[in-house]
Amino acid sequence: MATARNVIAALMCAAAVVGSPAVVFAQSPTFGVGHAPKPEELKAIDIEVTPDGKGLIHGSGTAAAGKEVYTRRCETCHGPTGQEGPQDVLAGGQGSLTTSRPQKTVGSYWPYATTLWDYINRAMPFDHPSTMMPDEVYATTAYVLFLNGIVGEHDVLNETTLPQIKMPNRDGFTSDPRPDVGASPKKRSQHQ
Amino acid sequence: MTREETSKYTDLMPDGTARQFTFDMEPKSVITRPSGGDTLAGAGRYEITGIAWSGRGTIARVEITVDGGATWVPAELQTPVLPRAHTRFQWPWTWDGREAMIASRCTDDTGYTQPPLADLIKVRGVNSQYHNNGIQVWKVAADGKITNGNRA
């Protein structure tokens with residue numbers, strides 16, 4: 001066993017010399033692998049959604065329709081009303097941000113409704129992400145907003161109506177003022 | 001915008017407003033050895049070592065205290081020291097066997113020096129953990145056991 005360990009150690013030393021990033025980098029500006037992505041390659045993997053709705057996929061859904069999808073695909077992890085867990089609490093917490101136990105949820109904290117669509121679309125259900133059709137994403141988005149009292153049961157959400165929703169905490173954000181603690185005052189202007 | 005950008009990389013302040021979008025990690029350092037969970041065998045010489053980094057530039061200086069911040073001495077930086085990269089530091093310590101509060105504090109090339117945790121909490125409260133770059137203190141008890149000195 002000691003021998004095997006020595007061999008591995010020796011191999012690692014060799015690798016360190018041959019593959020040392022500093023050495024390779026000094027000799028050539030690239031590593032000779034991959035290529036700069038073409039615009040169409042980026043487009044194929046770009047699923048970004050902006051607050052104004054750019055990037056949303058065509059489709060629609062209501063909370064009424066979303067209840068069925070939610071029960072089947074979300075409830076085991078998020079609870080019947082989005083508040084029971086065991087995973088992240090999805091509803092409630094409004095009015096709690098100034099308390100000693102703030103509860104940051106979609107309803108109490110998130111600034112943009114489009115972010116909810118984006119997150120469900122890319123990451124949920126947690127164990128089978130990106131497996132839902134656009135209409136199911138709109139419907140579960142509507143249902144989570146409904147659980148937070150933000151939309152009505154039959155309000156139709158689509159790529160036009162979703163960005164128009166004003167989230168309760170939309171105006172709760174300020175710009176980052178750091179460095180606010182620990183900075184040397186004379187250098188402060190460099191960062192603003 | 002994504003959930004990480006809007007809900008995670010935003011810092012909730014005590015007044016209920018939140019700072020957006022707080023992506024910079026300000027200068028931070030931590031002693032990794034000896035540190036919480038370790039037990040020193042007894043009085044004697046120990047090398048204090050740890051890492052420092054800054055999301056805004058290059059680490060210019062790391063200082064060590066073994067008396068809870070009353071006095072600070074410069075640590076040695078291990079090269080290469082690169083921008084936005086972990087920078088290892090070390091300093092030889094002779095422990096006298098009595099209770100000690102040890103900590104590191106770094107300064108980057110913008111002139112920013114890592115503040116005590118209490119200073120951060122005074123301004124930002126306790127709900128903006130993503131950017132807790134406060135000084136990390138380790139408490140070395142007389143029996144050599146090391147625990148979180150920020151809680152002491």
Of the residues in the stretch B:128-152, how many are hydroxyl-bearing (Ser, Thr, Tyr) and within 11 Å of another protein chain (Cβ to nearest Cβ)?
-> 1
Any hit, the stretch A:162-176, residues being outside any loop (DSSP other than H, G, I, E, B), within 14 Å of chain B (Cβ to nearest Cβ) and more than 30 Å from B:Asn132 (Cβ to Cβ) | yes
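For the stretch A:136-165, enumerate the residues that are of a type in the set (D, E, K, R) and over 19 Å from the mean Cα position of the chain (by Cα).
Once the filter is applied, which keeps residues that are of a type in the set (D, E, K, R) and over 19 Å from the mean Cα position of the chain (by Cα), the stretch A:136-165 yields A:Glu153, A:Asp155.
Being out of contact with any strand residue (DSSP E or B) (no Cβ under 7 Å at 6 or more places or on another chain), modelled with pLDDT under 95 and under 17 Å from A:Glu48 (Cα atoms) is the requirement here; does A:Ser130 meet it?
Working: out of contact with any strand residue (DSSP E or B) (no Cβ under 7 Å at 6 or more places or on another chain): yes; modelled with pLDDT under 95: yes; under 17 Å from A:Glu48 (Cα atoms): yes.
Yes: the conditions hold for A:Ser130.
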Residue check, A:Ala65 farther than 25 Å from A:Tyr109 by Cβ, more than 20 Å from the chain's Cα centre (by Cα) and at pLDDT 95 or above = yes
Sole exception among (1) surrounded by fewer than 17 Cβ atoms within 10 Å (Cβ to Cβ); (2) without any contact (Cβ under 8 Å) to a residue 40 or more places away in the chain for A:Val89, by number = (1)
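How do the strands (runs of 3 or more DSSP E) wholly within the stretch B:1-88 filter down when requiring 2 or more residues that are over 14 Å from the mean Cα position of the chain (by Cα): which remain? Walk me through how you get there before you give the answer.
Details: elements: B:18-20, B:28-33, B:44-53, B:59-65.
The strands (runs of 3 or more DSSP E) meeting that bar are B:18-20, B:44-53.
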Selection within the stretch B:89-106 - assigned to a strand (DSSP E or B) and either exposed (fewer than 13 other Cβ atoms within 10 Å of the Cβ) or of a type in the set (Asp, Glu) (or both) = B:Pro92, B:Thr94
Got a sec? Which of B:Ala52, B:Ala100, B:Ala70 is among the aliphatic types (A, V, I, L, M), at pLDDT 95 or above and under 22 Å from B:Met25 (Cβ atoms)?
-> B:Ala52
Output the number of residues of the stretch A:115-165 satisfying the condition of being hydroxyl-bearing (Ser, Thr, Tyr), out of contact with any helix residue (DSSP H, G or I) (no Cβ under 7 Å at 6 or more places or on another chain) and loosely packed, with under 13 Cβ neighbours inside 10 Å.
-> 2
Can you find a residue in the stretch A:104-112 that is of a type in the set (Lys, Arg) and either in contact (Cβ under 8 Å) with a residue 40 or more places away in the chain or surrounded by fewer than 17 Cβ atoms within 10 Å (Cβ to Cβ) (or both)?
-> no
Among the residues of the stretch B:107-127, is any more than 14 Å from every other protein chain (Cβ to nearest Cβ), touching a residue at least 24 places away in the same chain (Cβ under 8 Å), assigned to a loop (DSSP other than H, G, I, E, B) and not aromatic (Phe, Trp, Tyr)?
-> no
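The values are calculated or read from the model by the stated rules, or taken from the named source; none is laboratory data. Model, not experiment: these values are computed from the prediction. Using ideal geometry, Cβ is built from the backbone for each residue, glycine included, and neighbour counts are taken over all protein chains shown.
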